[in-house]
1. Does at least one position in the range A:306-319 carry a residue that is surrounded by 22 or more Cβ atoms within 10 Å (Cβ to Cβ), within 13 Å of chain B (Cβ to nearest Cβ), within 21 Å of the chain's Cα centre (by Cα) and not hydroxyl-bearing (Ser, Thr, Tyr)?
2. Which residue, of A:206, A:220, A:245, is of a type in the set (Gly, Ala, Ser), surrounded by 22 or more Cβ atoms within 10 Å (Cβ to Cβ) and either under 18 Å from residue A:283 (Cβ atoms) or in the same structural domain as residue A:173 (by TED's automatic domain parsing) (or both)?
3. Could you identify the single residue in A:149, A:141 that is of a type in the set (S, T, N, Q), more than 16 Å from DNA strand D (Cβ to nearest atom) and under 30 Å from residue A:201 (Cβ atoms)?
4. Which of the residues spanning the range A:55-74 are facing another protein chain (nearest Cβ under 9 Å) and free of Cβ contacts under 8 Å to residues at least 12 places away in the same chain?
5. Considering only the range B:75-90, how many residues are surrounded by 21 or more Cβ atoms within 10 Å (Cβ to Cβ) and facing another protein chain (nearest Cβ under 8 Å)?
6. Does residue A:93 satisfy being outside any helix (DSSP H, G or I), within 8 Å of another protein chain (Cβ to nearest Cβ) and of a type in the set (A, V, I, L, M, F, W, C)?
7. Identify all residues within the range B:96-105 that are at the interface with chain A (Cβ under 7 Å from one of its Cβ atoms) and not polar (S, T, N, Q); write none if there are none.
8. Condition first: buried (at least 16 other Cβ atoms within 10 Å of the Cβ) and within 11 Å of DNA strand D (Cβ to nearest atom). Now tell me which residues in the range B:10-26 satisfy that.
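The values are calculated or read from the model by the stated rules, or taken from the named source; none is laboratory data. No experiment lies behind these values; they were computed from the predicted model shown. Cβ coordinates were reconstructed from backbone atoms using ideal geometry, including for glycine residues, and neighbour counts include every protein chain displayed.
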There are 2 protein chains.
Amino acid sequence: MASIHDVAKEAGVSVATVSKVINHYPDVSEKTRRKVKNAIELLRYRPNVIARGLVTGRSWTVGVLINIPFTNPYVSMLLEGIKTALENSGYDLMRLSARLNDPDYSFIDHCQSRNLDGVVVFGVEKDHRSIQELIESGIPTMFVDTDATGQRAGNITTDNRNGVHKAVRHLIELGHQRIAYLAGIPGQPVNESRLAGYLDGLKASSIPYREEYVVNGDYSYDSGIQGTKKLLELAQRPTAIVCTSDMTAFGAIHAIEAQGLTVPGDISVVGFDNIFEAELFKPALTTINQHIHSIGVKSIEELISMIKSADYPPPVVTEPSSLIVRESTARCPEPVSGDVH
Amino acid sequence: MASIHDVAKEAGVSVATVSKVINHYPDVSEKTRRKVKNAIELLRYRPNVIARGLVTGRSWTVGVLINIPFTNPYVSMLLEGIKTALENSGYDLMRLSARLNDPDYSFIDHCQSRNLDGVVVFGVEKDHRSIQELIESGIPTMFVDTDATGQRAGNITTDNRNGVHKAVRHLIELGHQRIAYLAGIPGQPVNESRLAGYLDGLKASSIPYREEYVVNGDYSYDSGIQGTKKLLELAQRPTAIVCTSDMTAFGAIHAIEAQGLTVPGDISVVGFDNIFEAELFKPALTTINQHIHSIGVKSIEELISMIKSADYPPPVVTEPSSLIVRESTARCPEPVSGDVH
DNA sequence: CTGAAAGCGCTTACAG
DNA sequence: CTGAAAGCGCTTACAG
């Protein structure tokens with residue numbers, strides 16, 4: 001690769017002058033600008049972003065820390081949004097090989113040694129030391145689905161609470177009273193707000209909360225199976241199950257059918273996420289739609305705004321959620337007897 | 001961040017010496033090594049990878065060019081493999097915001113200005129100028145599913161041809177003779193070898209090739225729907241359809257059922273990829289399994305070998321494929337009448 | 001309008 | 001075993 005010195009020599013000017021035309025400084029005569037441009041063309045010169053970054057302190061790269069498998073459809077959609085927003089921004093995306101479980105590893109050291117301009121974090125538990133260190137470091141940060149903030153850190157989430165509330169209301173309107181909830185990982189902000197939505201929904205119709213109707217999981221297909229097995233063993237089994245993710249809902253449906261029961265004939269199931277497969281599944285899944293792609297796009301747009309201006313206020317944005325009714329929910333099969341309350 | 005100068009001052013030595021202990025040079029006395037290590041500890045110093053890269057010419061980052069949406073399950077699995085292999089390698093992954101359609105854009109310029117140590121490319125048509133430029137540039141490269149090679153460029157693919165051949169054989173064993181093929185994008189190496197496998201399968205049983213039984217698509221769900229519609233309009237419609245991807249197979253099944261026909265009752269369908277959803281789908285999909293995760297892992301392992309040693313021969317690796325029989329294929333419903341041949 | 005010089009944070013011969 | 005110096009490819013005051 002030709003360097004800036006080669007160009008300077010070729011054009012018969014100083015490297016300072018070459019730098020000025022590259023960076024569109026106004027105080028360069030048209031004539032030397034021409035000469036330089038020609039030399040650049042001739043040598044196919046491209047400025048070295050790395051070297052530039054060393055002096056300007058900007059790397060034109062944003063880092064991403066995603067502590068969840070890429071095979072999770074939610075992650076895929078998020079990444080797709082991130083990618084879209086990055087497209088003509090001039091920034092590239094770096095996926096850090098973070099060793100979060102290694103006590104000697106420091107995520108911010110990693111970011112700083114890479115000169116990252118900003119970072120988006122997803123899927124890290126809120127109490128992981130990295131979160132706090134990141135906030136203190138002053139590196140522009142956007143947290144996805146984690147309600148952390150800081151001087152230079154904002155966050156973006158779906159309106160999880162309302163989403164689950166809507167799901168519960170929908171089931172109640174269909175006559176269900178025995179509504180269970182297959183939750184996510186306790187302590188995670190996402191999980192807490194969804195659980196709150198579940199409780200909101202019950203309370204709005206004065207349905208008492210039953211501890212045995214809430215079982216935790218990890219958003220996976222498998223935890224849908226396991227959780228549902230437990231629910232089906234209950235003396236009074238639920239007639240509807242709200243799930244913390246579509247994958248979990250798929251698992252739930254599988255487990256229900258494995259018992260010879262049907263969805264939605266015997267039990268209604270609703271998911272959360274509205275991944276592409278929700279529509280393909282049989283029965284097509286009633287679920288809560290999240291604007292995941294949009295969350296990806298906005299996380300980057302906001303991050304770039306923060307990078308560009310030190311006093312851009314760190315945003316806290318909530319994306320709406322909505323209920324998509326399909327085939328996995330139906331009227332409660334038998335009128336609920338009085339003993340439920 | 002503390003710099004190497006700060007450490008040198010703190011330890012009372014020169015920066016050269018600090019550099020030597022960082023890089024584990026043997027010729028440093030134990031005593032000064034101690035002093036330096038303490039200073040590093042004290043200042044929480046971490047070497048700047050960027051600055052180091054400027055002088056060593058290595059960036060410890062590998063680039064990835066993926067010209068297919070992340071929401072494609074195949075891509076997700078590939079990325080997951082790539083991520084796994086990178087985990088403790090010291091390398092980070094950079095996803096380049098490549099503007100492949102912009103004539104002023106050059107992918108290798110991009111790679112070079114970022115100082116990338118190597119790159120894995122996936123989903124770029126073989127005749128795109130970037131491929132050739134990349135090969136000529138001498139940047140260590142691994143192509144996934146593209147049979148390009150070069151001085152410093154290897155590739156890795158699934159045994160596509162055999163995979164489809166097995167699918168066809170399976171259908172023939174079930175009594176099918178009218179076997180259609182929903183292909184991918186013409187000209188892409190993956191497509192050509194799969195098509196060859198289809199022809200192999202027919203030929204092995206002396207079933208004549210019918211042009212109208214092959215329709216091209218783009219691996220998507222939608223192209224499965226469109227392609228199948230065409231097949232169903234044929235005077236003599238196929239009794240089995242082999243698809244170039246699982247997503248396309250899902251689309252095919254949808255289109256078949258939309259006509260009031262059943263799978264596999266009326267028509268058998270087989271996919272390609274064996275994505276996670278293949279098992280969940282109803283009917284569970286008979287498909288060709290690819291070791292996608294393994295392809296991701298190996299592409300990085302081989303790439304790193306090439307980076308580390310200039311004379312590591314660029315590998316050409318083929319991963320096996322295998323048929324997974326599930327519920328979407330069954331015996332051919334009606335004995336095929338003589339007119340087929 | 002142009003260029004010499006210092007510096008970003010490192011590494012690497014080389015001399016002592 | 002240690003350090004002064006040059007250099008990686010750039011940008012940025014500053015002087016002229």
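1. Taking the range A:306-319 as the starting set, the residues that turn out to be surrounded by 22 or more Cβ atoms within 10 Å (Cβ to Cβ) are A:306.
So of that shortlist, the ones also within 13 Å of chain B (Cβ to nearest Cβ) come out as none.
No.
2. Values: A:206 fails: surrounded by 22 or more Cβ atoms within 10 Å (Cβ to Cβ); A:220 fails: surrounded by 22 or more Cβ atoms within 10 Å (Cβ to Cβ).
Every option except A:245 fails the conditions.
3. Details: A:141 fails: under 30 Å from residue A:201 (Cβ atoms).
Matching residue, one of A:149, A:141: A:149.
4. Once the filter is applied, which keeps residues that are facing another protein chain (nearest Cβ under 9 Å) and free of Cβ contacts under 8 Å to residues at least 12 places away in the same chain, the range A:55-74 yields A:69, A:70, A:71.
5. Summing the residues that are surrounded by 21 or more Cβ atoms within 10 Å (Cβ to Cβ) and facing another protein chain (nearest Cβ under 8 Å) in the range B:75-90 gives 5.
6. Numbers: outside any helix (DSSP H, G or I): yes; within 8 Å of another protein chain (Cβ to nearest Cβ): yes; of a type in the set (A, V, I, L, M, F, W, C): yes.
Against the criterion (outside any helix (DSSP H, G or I), within 8 Å of another protein chain (Cβ to nearest Cβ) and of a type in the set (A, V, I, L, M, F, W, C)), residue A:93 qualifies.
7. Filtering the range B:96-105 for residues at the interface with chain A (Cβ under 7 Å from one of its Cβ atoms) gives B:96-97.
Hit for the range B:96-105 is B:96, nothing else.
8. Residues satisfying the conditions are B:11, B:13, B:17, B:18, B:19, B:20, B:21.
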